Amino acid sequence: MTSTKSVALVVGASRGIGRQIAVDLAKNDYTAAKTASNVDRTAPFPPDRNSSESTINTVEREIKEAGGRAFSIQVDVRNVSQVENMVKETVRLTGRLDVLVYNSGAIWWSSVANTPTKRFKLMQLVNPEGLYASVQAALPEFEKNGWKGRIVVVSPPIYSRFFRGKTAYAMGKVAMSVLTRGLAMDFIRGGHENMAITSLWPATSIESAATEATAANRGPSFKSDLRKPTVFSDAVLGILNTPAKTVNGILALDEDFLREHCGVSDFSKYSVVPGTKPRRIMPKELPILEVAEQEDEGMRMDSTKMRSKL
């Protein structure tokens, strides 16, 4: 079976940002393949799309009933074999893969002393290792497309304040951003001008399961600092509609990308509480990671070539 639509695989799309990305991709003529449960389990749809009752399968139903095309695929991103099967199943069901969005994530925000090693290891398995396995599984499919495709990673710009109070979490998320920068360089070196990988992160807090828990602790006034997940999904769509060369390797913030590349100046429609202006949680200026290149950087090693000579 060959799909006439572009196919997007959204890893982690049961609620919050991931759900919104999948729904909006489907509205914009993508076939959405998503990851995990039983399509008939929850009926009617849960009133709170951030609750545990919202699953990959209720999102699939939601898209189909709105006239879109979607498939849900069971996967545990900690298991490489399951990740590989996820990509194979996507291609079997749709005939192709054009976009990979990695939104799956494990969160634990606390000091190093209060973050058990078991919790740390879980975050590394789900965050950087799950992403790496997904990218490894997807790259051969992009090669079959003539190296034409996009990868969007939910990970932050790299800056010092991000490490404070959540070091174990930050180690994994920053590693995901390092993968974005490094793979972007691989695409450039390989001459793959139609490939791009982009990291995207919220400039303000976004309504999700995580922020719902915070709101329960801090009271209803906290909602005035939240934006709807549509601000993030609009930024994802903006990235996909921007030339690959422009977005390859950038570590973007949703608000800033929409402002600079999509001409958005009024963000009031994204406020959870009408009439409020959510507080920005990200720095207005971020460090520039590039250094001046030298003509001779020394011998570049390639372990695959070295190993073949042994």
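The values are calculated or read from the model by the stated rules, or taken from the named source; none is laboratory data. Predicted, not measured: the structure shown is a model, and the values here were computed from it. Note: ideal-geometry Cβ built from the backbone for every residue, glycine included; neighbour counts use all protein chains shown. Accessible surface is based on the protein model in full, side chains and every heavy atom, while ligands, DNA and RNA are left aside. Shrake-Rupley method; radii C 1.70, N 1.55, O 1.52, S 1.80 Å.
Quick notes on this structure:
- Some residue of region 66-89 being under 18 Å from the mean Cα position of the chain (by Cα), open to solvent by 50 Å² or more (accessible area, probe 1.4 Å) and at pLDDT below 85: no
- Condition met for residue 222 (under 19 Å from the mean Cα position of the chain (by Cα) and either closer than 23 Å to residue 174 by Cα or without any contact (Cβ under 8 Å) to a residue 60 or more places away in the chain (or both)): no
- Residue list for region 238-261, restricted to those being farther than 22 Å from residue 28 by Cα and hydrophobic (A, V, I, L, M, F, W, C): 250, 251
- Of 170, 196, 175, 184, all but one fail to be hydrophobic (A, V, I, L, M, F, W, C), more than 16 Å from residue 127 (Cα to Cα) and touching a helix residue (DSSP H, G or I) at 6+ places or on another chain (Cβ under 6 Å); the exception is 196.
- Leading residue by the ranking (surrounded by the fewest Cβ atoms within 10 Å (Cβ to Cβ)) among those in region 149-162 that are under 10 Å from residue 195 (Cα atoms) and in contact with a Leu (Cβ under 6 Å, 6 or more places away or on another chain): 150
- Some residue of region 133-148 being buried (at least 23 other Cβ atoms within 10 Å of the Cβ) and closer than 19 Å to residue 254 by Cβ: no
- Those helices (runs of 4 or more DSSP H) of region 205-310 in which at least 1 residues are at pLDDT 95 or above and loosely packed, with under 15 Cβ neighbours inside 10 Å, considering only elements entirely within it, cover 244-247, 254-261.
- Cβ-Cβ under 7 Å pairs, at least 6 apart or on other chains, region 110-128 side under 16 Å from residue 154 (Cβ atoms), far side open to solvent by less than 50 Å² (accessible area, probe 1.4 Å) and basic (Lys, Arg): 127/173
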